[in-house]
1. Please name which of Pro320, Gly242, Ala295 has its Cα lying farthest along the dipole of region 232-332 towards the positive end, using unit charges on Cβ (Lys, Arg +1; Asp, Glu -1) and the Cα centre as origin.
2. Springs between alpha-carbon pairs under 10 angstrom, Gaussian network model over the chain: which of Ala234, Ala99, Ala299 fluctuates most?
3. Considering the dipole of region 32-98 built from charges on the beta carbon (Lys and Arg +1, Asp and Glu -1) around the Cα centre, which of His69, Ser42, Cys81 is farthest to its positive end?
4. Mind listing the phi-derived Karplus ³J(HN,Hα) values for region 231-246, rounded to whole Hz, using 6.51, -1.76 and 1.60 with θ = phi - 60°, and x for any glycine or proline?
5. Build a GNM of the chain with springs between Cα atoms under 10 Å: which of Glu21, Glu133, Glu52 gets the top mean-square fluctuation?
6. Sort 191-198, 222-229 for me by packing, meaning the mean count of neighbouring Cβ atoms within 10 Å per residue, highest on top.
7. Give the accessible surface of the chain per residue, rounded to a whole number of Å², with probe radius 1.4 Å and ligands, DNA and RNA excluded.
8. Check each of the GluC sites (Glu not before Pro) in region 232-332 and keep only those in coil by DSSP with at most 11 other C-beta atoms within 10 angstrom; list them in order.
Amino acid sequence: MAKAMKKEDYLYISAALRARETRMLSREKAERMLEAPEFADSAKLLTDCGYEDMSRMSAKEIDEALARHRSEVFDDLAQRCPNRALVDFFRIRYDYHNAKVVLKAEAKGTDGDYLLSECGRVKSNALKEAYLEEHYSALPGKLGTALAEAREILARTSNPQLSDFVLDRAWFDELKTIADEQQSAFLKRYVAVLADSSNLKSAVRTLRMGKNADFLRDTLLPGGRVEPGRFLTALSAEGLGGLFSGSELADAAALGAEAVEGGKLTAFELACDNAVMRVLREAKLTAFGEEAVIAYLAAVENELTAVRMILTGRRMGIEPQVIRERLRDLYA
């Protein structure tokens, strides 16, 4: 188990990130983007948040610019943060994204290289080479074992969804392992709310599709405060609400019950994501510590999602109100 670091070890990085947070996309800045006369005007406003000028970019170029922004943040914090494991915690997502890409590209006989990300712990070409040569032990953590299992399942069933479930569970297993090793109560809570939120979404979608507990079982992720088995025994609109009574996901669960009965799925999923953001905002109450790093990196991911949503919507001429209704809460 990794040696627990002291809060004082994060004094410098916490101060630096608090300063950066003042430049992040806030709700007020997002509103200005939504109300800007033209797409170009909207995109130019992001330069105040540290983004390159995307006002003349195509959709593909914008995606590349946002990927560069994420990579720059990861690379910078990997150098500055006294505990690189916190950065790797967020990089893991892209290792598993790349695993899904190479797996499905081979199954379809297509080239999926354009979908690969360079934000993971492993360079995309190294991951692809390990996969093609079946050298799974060269991959970190649970990635190699999970990729081998997912490959076998896809070959046997031709069902990419089942292989995705294997990779997603391994991803969350790794997140939980890192949280346990870091002995960080805040990181453990963040993993738990992520897993609970994802599992609640899966349960609601299962009910809306008229599926049963056997279908749900494969989708459930480890690491939440609510054990997967409890979702299976409480698989009803009323039962799901009871699982989260008094928790940060209580309101989301109530909207989930409405979604099961035909209510808006978008409002429910928005509430799930906003519950995660409320947990992250608690980091602002801590003057310094690993909380500042964790919350900042999660906030950057959330910001990138919002930026892509706004820019894509503005380029397509979607009404600002429609975009506004789909925007998650922002950290800044």
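1. Value: Pro320.
2. Result: Ala234 has the largest fluctuation of those listed.
3. So the residue we want is Cys81.
4. Values per residue, Gly and Pro as x: 5, 5, 8, 10, 7, 7, 4, 6, x, 5, x, x, 5, 10, 4, x Hz.
5. The residue that fluctuates most here is Glu133.
6. Highest to lowest by the protection proxy: 191-198, 222-229.
7. It amounts to 48 Å² per residue over the chain.
8. Glu261
The values are calculated or read from the model by the stated rules, or taken from the named source; none is laboratory data. Computed from a prediction, not measured in an experiment: that's the story for all the values here. A quick note on method: Cβ atoms are made from the backbone with ideal geometry, for glycine too, and the neighbour counts reach across all protein chains shown. Keep in mind that these areas ignore ligands, DNA and RNA; they rest on the heavy atoms of the full protein, side chains included. Shrake-Rupley method; radii C 1.70, N 1.55, O 1.52, S 1.80 Å.
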